[in-house]
Each structure stands twice: as C-alpha cells, then as structure tokens.
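To start, the structure itself, in structure tokens.
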Amino acid sequence: MKDSPEILAARAEVDRSRARVMATAHELQERLSPKVLAKDAWQGAKEKGAGLAEDAVDAVRARPLTATGVVAAITMFLAREPLIDLAGRMVDGVGEKRKSRKARKAASKQRVTEKAND
C-alpha cells in the first residue's frame with residue numbers, strides 16, 4: 001500500500017517537529033546541567049560582589065568622615081578587651097604616680113619637721 005502525498009507530508013512534518021523537540025530537549029539538558037548551573041551562579045555572585053564593592057566605594061567617597069567613624073567604631077568594638085586592659089594599666093600607673101608623689105611629699109615634710117625639732 002502506497003502512502004498518499006498528505007500522509008507523506010504529515011510524516012515529514014512529524015519528523016521535523018520531533019527534531020525540533022529533541023534539539024530543545026538537548027539545549028535544556030545542557031542549560032540545566034550542574035556544571036552550567038554552578039558556573040552561572042558563580043558568575044552572578046561575582047557580579048553582585050563587584051556591584052556591592054562599587055557601591056561601598058561610592059558611599060565612602062560621598063561621606064568620608066562618616067565612613068571613618070564607622071570603621072573606628074568597629075575597630076574599637078573588635079579591640080575592646082585590649083583597650084580596656086590598656087586603660088586599666090594607664091589608670092593604675094597614674095594612681096601609683098600619685099601615691100609615690102604623696103609619699104615623697106610626706107617624707108620631705110617629715111624630714112623638714114625632724115630637722116626643725118633637732
């Protein structure tokens with residue numbers, strides 16, 4: 001039995017459609033492969049990071065004093081324990097100096113008093 005021209009045309013159209021569907025399926029398979037997805041995600045993250053860095057630089061240029069204050073505050077927060085220890089040592093040092101100065105004055109007065117009594 002011989003196929004009619006309409007059936008041959010329909011089979012040719014089916015073959016073309018099947019080829020298009022298969023090409024689309026292969027393209028989707030390639031796009032959705034883990035390697036391609038990971039590469040696209042990494043590229044997106046790099047672009048986002050570059051954009052954030054550029055925004056940060058623009059913000060610092062617009063308000064340098066504010067940015068300096070923020071950096072100083074963060075630094076002080078991170079270094080709070082060593083700064084507290086340093087301040088304590090400085091206060092203790094000032095207290096020791098006062099005590100030794102008072103002791104020297106008292107000793108001097110005592111010597112003067114002793115000389116006066118002699």
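The values are calculated or read from the model by the stated rules, or taken from the named source; none is laboratory data. Since the structure is predicted, the reported quantities are computational estimates derived from the model, not experimental observations. SASA here: full protein model, heavy atoms, side chains in, ligands and nucleic acids out. Shrake-Rupley method; radii C 1.70, N 1.55, O 1.52, S 1.80 Å.
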Task: Total lysine pairs whose alpha carbons fall under 17 Å of each other in the chain (8 or more apart, or interchain) - done: 5
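How much of the calculated P(r) for the stretch 15-100 lies past 19 Å, in percent of all Cα pairs?
Of all Cα-Cα distances in the stretch 15-100, 72 percent exceed 19 Å.
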Open item on the list: If I require 18 Å or longer along the helix axis, counting alpha carbons, and a Kyte-Doolittle average no lower than -1.0, what helices from the chain are left? Use full DSSP H segments.
Closed with: 5-31, 34-62, 64-78
TODO: Write down the accessible area per residue of the stretch 38-118 in Å², having rolled a 1.4 Å probe over the full set of protein chains.
DONE: 91
Task: Surface share of carbon and sulfur [accessible, 1.4 angstrom probe, percent] for the chain - done: 63
TODO: Rank these residues by their accessible area, most exposed first, probe 1.4 Å: 70, 36.
DONE: 70, 36
